[in-house]
1. Counting only residues that are out of contact with any helix residue (DSSP H, G or I) (no Cβ under 8 Å at 6 or more places or on another chain) and not acidic (D, E), which one in the range 17-32 is farthest from L64 (Cα to Cα)?
2. Might you let me know whether the range 6-18 holds any residue that is touching a Ser or Thr at 6+ places or on another chain (Cβ under 8 Å) and on the phi < 0 side of the Ramachandran plot?
3. Pick from the range 11-30 the residues that are surrounded by 10 or more Cβ atoms within 10 Å (Cβ to Cβ) and at pLDDT 80 or above: which of them is farthest from the chain's Cα centre (by Cα)?
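The values are calculated or read from the model by the stated rules, or taken from the named source; none is laboratory data. Treat the numbers as computed from the prediction; the structure is a model and nothing was measured. Cβ: placed from backbone, ideal geometry, glycine included. Neighbour counts: every protein chain shown.
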Amino acid sequence: MIIDLFEDWWKKQQNLKLIATGRRIVHGEKIFNKLVIVNEKVSEDLRPLIPLSPLHQPYNLQVLALFLQK
């Protein structure tokens, strides 16, 4: 799957400094109603929303976790 290929590539980028990234994610308007800087707490708050978008949300969270590691 493409996300696995990206993850392998990303983990090999030792000299790459991430400045910013943008992501559109199912957010549940009552929880997040404006742009936020994602951290572990935000990522965990998004997890219960998987039923709103079961085909996309798990992959979105996987990408967030990857970026939060670096």
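1. Residue satisfying both the conditions and the ranking: K30.
2. No: the range 6-18 contains no residue that is touching a Ser or Thr at 6+ places or on another chain (Cβ under 8 Å) and on the phi < 0 side of the Ramachandran plot.
3. Among them, the one singled out is Q13.
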